[in-house]
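The structure appears below as structure tokens.
Just so it is clear, none of the values below were taken in a lab; they were calculated from the coordinates. Keep in mind it's a predicted model, so treat the numbers as computed, not measured. Positions of Cβ are generated from backbone atoms using ideal geometry, with glycine treated the same way; all protein chains shown enter the neighbour counts.
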Amino acid sequence: GDQVEQSPSALSLHEGTGSALRCNFTTTMRAVQWFRKNSRGSLINLFYLASGTKENGRLKSAFDSKERYSTLHIRDAQLEDSGTYFCAAEAGGYKVVFGSGTRLLVSP
Amino acid sequence: NSKVIQTPRYLVKGQGQKAKMRCIPEKGHPVVFWYQQNKNNEFKFLINFQNQEVLQQIDMTEKRFSAECPSNSPCSLEIQSSEAGDSALYLCASRPRLGGSSYEQYFGPGTRLTVL
């Protein structure tokens, strides 16, 4: 079935550094969405992409439907970026598949 | 960010009891999804609606849950007879429409159900 492989499962960064999260898809997806689960457990929308790249502040995301992957880049990480990040992709027929999450910890 | 409202935030029930949770989607969003997220952060799709009509649901939902999205009232998801395995975070998400090029979902904070 349609699956999403999200990596890494956990990530530790020092303030001011950066890294990338990745979701690989087993099939062609129509669009991808990235969320962050904050300390209160709410899912905060970060990006929605049907193609290409988007940037918002220190975050940048890319989605390549043909190559079946999406990335989320974080630069100049801050303490408040800590949380669990999820990708979710639409496979078609209203079906949405989720990654298993990346737990990010940003430390001083 | 999201204006989806879910109540209650926490729900504790005994096995065999009914467990009901509610969701008010964002204004103007006719599409509502319910998901179950377990302790391993895995999402399971349960059911979705467009306005008052059920579009899709999994077998478990059809057999053990009662769900509706009446007009001018909150959507609801009710487990008819709770089981220990139902303990999870239940997330409601709304979308501005189906189809086209947008499926962006907006999630509520969830209802955390604990079945003792």
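Points worth noting:
- √(5λ) per eigenvalue of the Cα gyration tensor, the range A:4-107, largest first, Å: 23, 14, 12
- Legend: Rg and Dmax of chain B, from Cα coordinates, 13.4, 43 Å.
- Candidate lysines for bridging to B:K39, where Cα separation is under 17 Å - those fewer than 8 sequence places away on the same chain excluded: A:K37
- Database remark: amide H of B:I5 closer than 5 angstrom to the amide H of B:I24 (H placed geometrically; neighbours at sequence offset of 5 or more, or on other chains; Pro and chain starts carry no H).
- Neighbour net charge for B:G85 - beta-carbon separation under 12 angstrom, K R +1, D E -1: +1
- Rg over Rh for the protein assembly as shown works out to 0.97, both radii taken from alpha-carbon positions and Rh defined as the Kirkwood radius.
- Cα-based Kirkwood hydrodynamic radius, the range B:14-56, one decimal, Å: 12.3
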